[in-house]
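Presented below is the structure to which this report refers.
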Amino acid sequence: VLIACENAVDVNESKLEQYKAEAHFLRAYYVHLLWKFYGAVPYFEEPLTTEPYMTKQIGPNEVYKEIMEDIDAAIANNENSFLMKTTGADLGRVSRAAALMLKARVVLYQKDQSRYAEITNDMATIIKSGAYQLFDDFDDMWRDANEFCVESIFETNQLPEGKTWSSGWNGYGTNYPAYVSPNELNDPSGEFIGGWGFGPVRQATYDIY
């Protein structure tokens with residue numbers, strides 16, 4: 001996408017800035033998931049065009065550096081192109097607030113104290129923007145009617161066709177709820193259904209909460 005933006009013709013400059021910011025964010029987001037799982041990961045920024053189509057693996061600290069460069073590049077885009085909050089037809093697209101939140105998550109995971117003050121200011125910026133607030137009812141927040149509610153900073157669109165909460169394979173975007181929900185859960189209200197129980201909580205963890 002970034003390469004395509006550089007070569008684009010007859011495209012509104014503001015839209016190009018938006019696309020580049022989104023691309024930087026998404027690369028940072030997906031690389032940060034790999035980084036959290038594996039630490040060192042193969043990393044490249046241009047298509048691999050020659051056999052054996054492999055690239056060098058870089059260490060965790062280098063991966064962190066690349067992630068932060070992408071996040072900073074996204075945030076550096078004009079605020080009129082990369083908005084604090086998306087609305088209307090742009091719901092589900094990346095916002096400036098999502099980039100700031102990802103930045104905070106990555107910095108804290110890395111324990112990079114040199115940027116703690118920076119991300120503290122970023123969080124204050126989101127709060128002071130007035131674009132987000134806590135939803136009144138935590139349970140209701142997860143209902144279809146409250147998709148993209150005032151508490152939602154980064155949320156993906158899900159189409160209902162062929163989807164069901166009763167299947168781990170045909171769920172709404174992720175199998176995770178089916179994996180970790182309690183096995184043979186019996187909820188008289190019918191609000192919740194059981195899963196496969198792959199993520200039991202230790203008693204010590206339960207006691208903490």
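Points worth noting:
- Note on the range 1-18: among residues that are within 22 Å of the chain's Cα centre (by Cα) and farther than 18 Å from Leu83 by Cβ, the one that is surrounded by the most Cβ atoms within 10 Å (Cβ to Cβ) is Leu2.
- Qualifying residue in the range 103-111 (condition: farther than 29 Å from Cys149 by Cβ, out of contact with any helix residue (DSSP H, G or I) (no Cβ under 8 Å at 6 or more places or on another chain) and at pLDDT below 95): no
- Tally of residues being closer than 21 Å to Arg115 by Cα and not aliphatic (A, V, I, L, M) across the range 28-75: 15
- Test for Tyr209: is it modelled with pLDDT of 75 or more and either within 25 Å of the chain's Cα centre (by Cα) or hydrophobic (A, V, I, L, M, F, W, C) (or both): no
- Take the conditions (1) within 21 Å of the chain's Cα centre (by Cα); (2) in a helix (DSSP H, G or I); (3) over 26 Å from Asn157 (Cα atoms); Phe44 misses just one of them, which is (2).
- Number of positions in the range 19-31 that are touching a residue at least 24 places away in the same chain (Cβ under 8 Å) and surrounded by fewer than 19 Cβ atoms within 10 Å (Cβ to Cβ): 2
- Check on Thr86, touching a strand residue (DSSP E or B) at 6+ places or on another chain (Cβ under 9 Å), assigned to a loop (DSSP other than H, G, I, E, B) and either modelled with pLDDT of 95 or more or not hydrophobic (A, V, I, L, M, F, W, C) (or both): no
- Filter result for Lys163 (at pLDDT below 90 and of a type in the set (Lys, Arg)): yes
- Here the condition is being within 20 Å of Thr156 (Cα to Cα), outside any loop (DSSP other than H, G, I, E, B) and in the same structural domain as Leu16 (by the TED database); of Ala117, Ala98, it holds for Ala98 alone.
- Pairs, first among the small types (Gly, Ala, Ser) in the range 56-73, second part of a helix (DSSP H, G or I), C-beta under 8 Å, six or more apart: Ala73/Lys20; Ala73/Ala21; Ala73/His24
- So Tyr43, is it under 30 Å from Ala131 (Cα atoms) and aromatic (Phe, Trp, Tyr): no
The values are calculated or read from the model by the stated rules, or taken from the named source; none is laboratory data. Values in this document were obtained by computation on a predicted structure and should not be read as measured data. Cβ coordinates were reconstructed from backbone atoms using ideal geometry, including for glycine residues, and neighbour counts include every protein chain displayed.
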